[in-house]
1. Across segment 173-323, how large is the tail of the calculated P(r) beyond 25 Å, expressed as a percent of all Cα pairs?
2. Arranged from highest to lowest average of other beta-carbon atoms within 10 Å per residue, in what order do the peptides 47-56, 346-355 appear?
3. Evaluate the relative contact order of the chain (contact order divided by residue number), counting alpha-carbon pairs under 8 angstrom at least 6 apart; express in whole percent.
4. Using a 7 Å offset from the Cα along the Cα-to-Cβ direction at both Lys263 and Ala159, what is the distance between the two label points in nm, to one decimal?
5. What relative contact order, as a whole-number percentage, does segment 88-194 give when Cα pairs under 8 Å and 6 or more residues apart are counted?
6. How long are the semi-axes of the equivalent ellipsoid of the chain, taking √(5λ) for every eigenvalue λ of the Cα gyration tensor, in whole Å from largest down?
7. Within 14 Å, Cβ to Cβ, of Ala128, how many net charges do the neighbouring residues add up to if Lys/Arg are +1 and Asp/Glu are -1?
8. Below 10 angstrom from the Cβ of Ala213, what's the summed charge of the other residues (Lys, Arg +1; Asp, Glu -1)?
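Nothing in this text is a laboratory measurement; each read-out follows from the coordinates by a stated rule. This is a predicted model, so every value here is computed, not measured. Methodologically, a virtual Cβ is constructed for each residue, glycine included, from the backbone with ideal geometry; neighbour enumeration extends over all protein chains shown.
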Amino acid sequence: MKYVDEFRDGEAARGLAAAIAAEVEPGRDYYLMEFCGGHTHAIFRYGLPELLPGNVHMIHGPGCPVCVLPVGRVDMAVELARRPEVILCTYGDLLRVPGSRRRSLQTAKSEGADVRMVYSAADSLQVARDNPDREVVFFAIGFETTTPPTAVVIQQAAAEGLANFSVVCNHVLTPSAMRAILEAEDAAPRIEGFVGPSHVSTIIGSAPYADFAAEYAKPVVIAGFEPLDVLAAIRMLVTQVNAGRAEVENEYTRAVTPEGNTKAQGLVEAVLETREAFEWRGLGSVPRSALQIRSEYAAFDAERRFGLADSRPRENAACICPSVLRGAARPTECTLFGTTCTPDNPIGSCMVSSEGACAAYYAYGAEREAVAG
Ligand code: SF4
């Protein structure tokens with residue numbers, strides 16, 4: 001196939017759905033997690049639950065960078081932004097994520113904090129060049145896909161001797177999160193296989209999932225974001241589950257290789273290193289699941305520069321985002337869903353982000369959940 005429309009062809013989708021229906025064993029339920037929020041949105045946007053047999057259940061995973069950032073880190077961003085000398089730059093989705101007492105970067109901005117939405121890490125570097133008398137902090141979030149640009153701007157700042165630029169590094173690692181999901185007591189028994197991330201895998205490749213698949217005996221099929229990609233991956237997972245196999249397969253061969261983007265990996269390796277542990281919303285403290293800035297670049301590490309530390313956050317007890325993120329609950333199980341909590345008035349991060357599961361349910365109709373089962 002050559003054009004994107006071909007990956008959205010209805011007749012081909014129905015053909016794949018029929019193939020899945022022919023392969024599933026009657027009387028047996030299949031619980032498969034799509035790790036990535038982009039897949040969750042594709043599944044709902046294209047109505048895939050209606051196409052799937054009733055015994056194939058898609059569980060939504062934590063692959064949404066904004067959603068997994070814990071409240072304590074949101075509070076850290078807000079506190080940093082309130083310092084008069086700071087210009088805080090970050091990606092748009094994060095601005096609306098509520099921290100403790102529902103304070104967000106957006107509310108801090110409305111109170112006078114200098115918070116700027118950027119479209120890229122490079123934009124924040126330009127803000128630093130343009131404002132030499134201010135401290136410009138890039139609050140970097142994201143999975144492996146957005147990590148290389150963060151490493152590049154730190155290297156560039158060092159090369160230019162930009163003394164007023166620093167980064168809070170919140171970049172997280174996918175394979176560690178997949179392990180944590182399976183080790184969460186309330187989610188582990190149900191998940192039989194993973195639809196693996198597409199964009200993340202273009203960077204890290206398919207090979208890093210191999211140990212995970214073998215250790216936990218769970219198949220992983222890396223898939224693109226188009227509906228036919230997702231259906232093909234589900235079929236490949238059903239085939240593996242039926243055969244008792246737990247291998248890494250790659251449906252997204254047009255973009256993902258076993259070794260990934262080695263140049264990007266080299267850039268990241270030069271600037272960032274693995275943290276001992278990192279707090280995730282929904283998963284708690286996960287060992288070796290995030291990156292921090294190497295000591296060689298300590299001058300650009302905002303956590304050291306400003307003496308930042310994780311705070312004791314106040315979570316909204318009624319928001320079940322943590323359970324949604326580890327696949328233990330569906331958004332519609334939340335009593336606030338669609339009433340108190342909507343995209344215009346988000347209570348939790350899963351309703352804010354374009355990749356959040358609650359936002360997907362709200363945008364594409366919660367009634368589909370009944371079909372998804
Ligand atoms: Fe949290 Fe809102 Fe989702 Fe409920 S609907 S889990 S309050 S984000």
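1. So the portion of pairs separated by more than 25 Å is 41 percent.
2. 346-355, 47-56
3. Contact order relative to length: 24 percent.
4. 1.3
5. Relative contact order, segment 88-194: 24 percent.
6. Whole-Å semi-axes of the equivalent ellipsoid: 36, 23, 18.
7. Every neighbour counted, the sum reads -3.
8. Value of the local net charge: -2.
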